[in-house]
Structures are given as C-alpha cells and as structure tokens.
Amino acid sequence: MSGTTIGIIGGTGSMGRWFERFFAGAGHNVLISGRKTKISFRDIAGKCDVVVLSVPLDAAISLSREIGPLLSEDQLLMDLCSLKENIMESMISYTSAQVVGTHPLFGPFTNAIKGQNILICPGRGTGMLKWLEEMLRAEEAVVTRMDPVTHDRNMAVVQGLTHFLTICMGRTLQKMNMTPDKAIFYSTPVFRINIDLIGRLFSQDTELYADLIGKNRHVKEALKTFMAAMEEGKESLLSGMDRDKIACLENIRGFLGDFCRHGLNESNKIINDLYDK
Ligand SMILES: NC(=O)c1ccc[n+]([C@@H]2O[C@H](COP(=O)([O-])OP(=O)(O)OC[C@H]3O[C@@H](n4cnc5c(N)ncnc54)[C@H](OP(=O)(O)O)[C@@H]3O)[C@@H](O)[C@H]2O)c1
C-alpha cells in the first residue's frame, strides 16, 4: 500500500517532523498540521487515509475526541504518545475508524529506524494494523505488540523511574555543588556518561519528562519498589560486614545471569566511542 496519504497532526513538532521524513522516504504522501499551519487538523481528517496524532498526551486525548467522529472505518487513527492507557481508550471510544497505538522508543535525534524498538497496541481492525507493522518491519524496526496496561507498567520503569533517577542525580549534584564543568576533570567514564545523561534530559522539553513521570499511574509503585531496594542496599552495603555486601551483590548478579557479559561488552563500545574522537 505505497502511495497512502498520511496526515500528521503535530507534524511541526520534533517527532512529527521525524515521521514526516520517514513516511515520505517509504513512498507515501504526507501532509502535516500544527496550530498555526494553513492545513488544519480537520483538513487532515478529510484528506488522509492515515491520521497520526503526534502531540502531547493531553492534546492527543482532546484531539481524538474532536477528530474521531470525522473518520470512517476505512481510515486509520494512530498516535505516537509515550503513554497508552488513556489515549487508547479515548481513540477507541470516539471513532469507528481503525485504531492503532504506537510508541516509538526513540527520540527525534535518531538517524534511522533500523534496530529501534516500536511498541504497538492494537486497537480496532486488522487491515491497517498489518499494513503499519509490515512497513515498519520493512525498514528493520523491531516491532512488538503490547496491551496498553502492560505498556504503561513497563514504561513506569523504562521511562518514569529512569528519568526520575536522572533528575534526582542532577539535584544531588546541585545540592553538593558539583558542577559538571569541574566534575568532568575527575570523572570516570561511567560517571561521565551519567552526567551526559543528566545534561541530555535538561536540554530537552522538561514538560515531556514531567508527563512521563507524573501522568503514568504506575510510577508510584515502581518508586516504592525502588525505595525499598535503596533501604536494602543501604543496610547491606553500608553495614560494615563484608559478607553482607558480597551476598547482596551476588544475589543481584544471579538474577541478571548471562546478561552481565553482554552489558559489559555493549557499554565498552559506548565508552570507547566516547573517547574515540
Ligand atoms: N520527543 C521524544 O523523544 C518522543 C519519543 C517518543 C514519543 N514521543 C511522543 O510524541 C508526541 C510528540 O512529542 P514531540 O517530542 O514531537 O513534541 P513537540 O516537539 O513539542 O511537538 C508537539 C507538536 O504538538 C503540537 N501541539 C502542542 N500542543 C498542542 C495542542 N494543545 N493542540 C494541538 N497541537 C499541539 C505542536 O504544534 P505547534 O506547531 O502548534 O506548536 C507540535 O507540532 C508526544 O505525545 C510524545 O509523548 C516523543
């Protein structure tokens, strides 16, 4: 189904622009709209086979209510939101069109889709779902189906907790007055990557990160588990008893198993690349 007309609402934003290039490269006609473009989201609904919502979560939910009733069963309504429970419910409730939830697990700085993870939440219909998955796989994306609740629960750790820790590490550096420009001279490679990740988060849209943490109802649970792990770690690693420290670390190593070797090799590549100017 090349030559499909795809309309991206929020096509003026960073992910919208990325997917405009991607869809055009795959041979499709692409229209984009933003709040100030001549083409409106209603034009997109009227002219396109596929309507993509690439706007912040709350805007996507309210747009799905406005646009959903304008679409027919032959069209596909899909979104790129980073959380899935609420937007899927809204898209399915407000339209008779086919519905697919999509979460690209990469950002707009990614060069190519090859090897990148994309999660798919099937909503309604199979025809356009198959078309979308085949197109993504043809470009060598790693496509995995997931239901919205499992998706959001996983993202509570993958995004919510991970970004929460990065933010708290930034706050710790601030409280201890360890400025990155000085810390870079006494950094190990691992610490250097950590401060890079702090810089990376704060150089981007803080509202997006606040949403990933604050709008995912599963983050509280993930944080509770993390705080319990902190307490356990504090007890064993600061106990002064060598036997306790080793037992605590060996226990976690046992859980991770063979992945440890893989993690070492992959992180070595990152570290070597960092210093290989
Ligand atoms: N950035 C990432 O790394 C990433 C990764 C995966 C998924 N996502 C998801 O992709 C979606 C878009 O994120 P983004 O990073 O591309 O954001 P962005 O760069 O801020 O772009 C947002 C787009 O939404 C439009 N918009 C903003 N508020 C709106 C509103 N109230 N009503 C209608 N349109 C509105 C903006 O249009 P104007 O031209 O009118 O301002 C712009 O085109 C989000 O749902 C996000 O969760 C992002």
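Listed by first and then second residue, the pairs with beta-carbon distance under 9 Å, at least 6 apart or on different chains, first residue in region 103-116 and β-branched (V, I, T), second surrounded by 13 or more Cβ atoms within 10 Å (Cβ to Cβ) and in a loop (DSSP other than H, G, I, E, B), are T110/Q116; I113/F106; I113/E139; I113/A141. Against the list (1) away from the ligand (no atom under 14 Å from the Cβ); (2) surrounded by fewer than 20 Cβ atoms within 10 Å (Cβ to Cβ), the condition F109 fails is (1). Here I118 clears all of (1) in a strand (DSSP E or B); (2) more than 22 Å from R17 (Cβ to Cβ) except the condition numbered (2). If you take the residues of region 62-76 that are part of a helix (DSSP H, G or I) and not charged (D, E, K, R), which of them is nearest to R124 (Cα to Cα)? Looking at the filtered set, the residue picked out is G68. Reported count of residues in region 16-28, each being within 11 Å of the ligand (Cβ to nearest atom) and touching a strand residue (DSSP E or B) at 6+ places or on another chain (Cβ under 7 Å), is 3. Considering region 82-110, and only residues there that are more than 16 Å from the chain's Cα centre (by Cα) and part of a loop (DSSP other than H, G, I, E, B), the residue that is nearest to A59 (Cα to Cα) turns out to be T95. Taken together, M135, M155 contain a single residue that is surrounded by 17 or more Cβ atoms within 10 Å (Cβ to Cβ) and within 16 Å of the ligand (Cβ to nearest atom), which is M155.
Any read-out appearing in this document is the output of simple, stated calculations on the displayed coordinates, not a laboratory observation. Computed from a predicted structure; not experimentally measured. As a convention, Cβ positions derive from the backbone with ideal geometry for all residues, glycine included, and neighbour counts pool all protein chains shown.
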